[in-house]
1. Considering only the other residues whose Cβ falls under 12 Å of the Cβ of A:Ala175, what net charge follows from Lys and Arg at +1 and Asp and Glu at -1?
2. Mind grabbing the base-10 log of I(q)/I(0) for the range A:83-129 at q = 0.24, 0.27, 0.29, 0.32 Å⁻¹? Debye formula, identical points on the C-alpha positions, no solvent, two decimal places.
3. Please state the relative contact order of the range B:26-162 as a whole percent: Cα pairs under 8 Å, 6+ residues apart?
4. How far apart, in nanometres, would the label points at B:Asp265 and B:Leu168 be if each is projected 7 angstrom from Cα along the Cα-to-Cβ direction?
5. Work out from phi, with θ = phi - 60° and the Karplus expression 6.51 cos²θ - 1.76 cosθ + 1.60, the ³J(HN,Hα) of each residue of the range B:97-113, listed in order in whole Hz, and give x for Gly and Pro.
6. Mind checking which aspartates and glutamates have their C-alpha under 19 Å from B:Lys25, skipping anything on the same chain fewer than 8 residues away?
7. For the range B:121-127, just list the computed ³J(HN,Hα) in residue order, Karplus coefficients 6.51, -1.76 and 1.60, θ = phi - 60°, integers in Hz, with x standing in for Gly and Pro.
8. Is the range A:27-101 rounded, prolate or oblate when judged by the Cα gyration tensor, a ≥ b ≥ c being the square roots of its eigenvalues, rounded requiring a/c under 1.5 and prolate requiring a/b larger than b/c?
Amino acid sequence: MPQLKPGEISMGTTIMAVQFDGGVVLGADSRTSSGTYVSNRVSDKLTKVHDRIYCCRSGSAADTQAVADVVKYHLALYTAQHGEEPTVKVAASLFQQICYDNKDNLMAGIIVAGWDKVDGASVYEIPLGGSIHKLPFTLAGSGSTFIYGYCDKLFRPDMTKDECIEFVKNSVSLAISRDGSSGGVIRVAAITEDGVERQVVHGNNLPQQFLG
Amino acid sequence: MAPLLEPSTGFKFDNVKRNQMLADKGHLLPRATKTGTTIVGLVYKDGVILGADTRATSGPIVADKNCEKIHFLAPNMYCCGAGTAADTEFTTNIISSQLALHSLNTGREARVGAALTMLKQYLFRYQGHIGAYLVLGGYDVTGPHLYAIQAHGSTDKLPYMTLGSGSLAAMSVFESGWRAGLSRDEGVELVKDAIEAGIFNDLGSGSNVDVCVITEGNVEYLRGYSTPNQRVAKEQTYRFAPGTTEFIVPNTTAQRGEEEGTAMDVSA
């Protein structure tokens, strides 16, 4: 089982993606830690790999950045080579191939989500071993364990984009309040046919909840 | 079937077991010179300001009291280095020469993003064995940029950051003092304060403060901007008067004639 090497930067993390009719909403916290020190409290874990395909990164910061850069390169070439835009499925497959073939040397838990003309909105999860799972919504990262119950109860497949955004903000906010490795701001990205809409929710604007 | 050939380049881990056995027996292993270090960078109104202390340590000993930790990468880009001194020195040299070739190839001034990609891909390839922790700052056609690069190959883009053993002390200064749109003098003072926080509160950092201000088309390298650790004048003279040491039997031996070989040249 790959472990973080001593001194390697981890992305403690809470990441999630939710599918709705017409698009997806991705959400993440912004804490990158090195042991107990927070090396970047405003990191962006929602990485663009193509115009309407984003990925959420968790695990080793170095490994996920490197893998995402390779996939971004391949997707940039894809349109020229194949004559059509890559689908989210293609992006997820590329991630899976890299994560599976190098499973002994990588520590990367990735969520791929986006919108394409062929399948519409899709969310794929690629956990540590390199398996791939297509799901209506998914969570990952150390903070996700605290909100599985909340998300399972509240998710509905017929939510609108704004309801999804609220759902994501509330979930990540709850995870941040319970997980030490998650924190900072909440970054949200909504991807539809019309483009990508990005939002940042700062600490003082987090949704109201029991704070102990 | 061809036998497995040993790679002729790259790291060799052949001696790891032997070294571990020697260490267990109590033998002292040689220690790489590290740059204990406080390095910082911040973005201000007109560009980026980099800062570094000047102490290089080898275990508990100060190996170099005034080393240069702000390395040249390109005329518009400099890089502060923390971690293993040799690694930061050579990594920045290698990427600096690659950037010069890249610049000649493209006919353009190199971009900070190009240096970032070269550095992160190089360090990722070595999976953290090259201990180089860098603060990269520069000004290119797209404006001022500041990046932090860790030895394993991860990068962060931030308006202000600190790295090295003194990073916590320096970050506390930045978190209370940084704001968007600082002037040049305010920025330089803040950088100086942050490095001095590292120098005085971290044992791995010390000596002087080097500052580098990078703006559009211009770089000010302020070596020794602040020297808060000057050696004070000796309070007494420690010369012994002739005759202090008593001798019982004087014994003088004539110098032997010149031996074979050339004498060492000490004219410089």
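1. Working: positive: A:Arg31, A:Lys169, A:Arg178; negative: A:Asp29, A:Asp179.
Taking every other residue near A:Ala175 into account, the sum is +1.
2. Cα-only, vacuum Debye calculation for the range A:83-129: -0.80, -0.92, -1.00, -1.14.
3. Once divided by the residue count of the range B:26-162, the mean separation gives 25 percent.
4. 5.1
5. Couplings: 5, 4, 5, 4, 5, 4, 5, 5, 5, 8, x, 10, 5, 5, 9, 4, x Hz.
6. Leaving aside aspartates and glutamates fewer than 8 places away in the same chain, those within reach of B:Lys25 are B:Asp14.
7. Values per residue, Gly and Pro as x: 6, 5, 5, 5, 4, 8, 6 Hz.
8. It is prolate, given that a/c is not under 1.5 and a/b is the larger ratio.
None of the figures in this text is laboratory data; all of them are computed from the coordinates on show. Everything quoted here is computed from the prediction, not taken from an experiment. Every residue, glycine among them, receives a Cβ derived from its backbone with ideal geometry; neighbour counts consider all protein chains shown.
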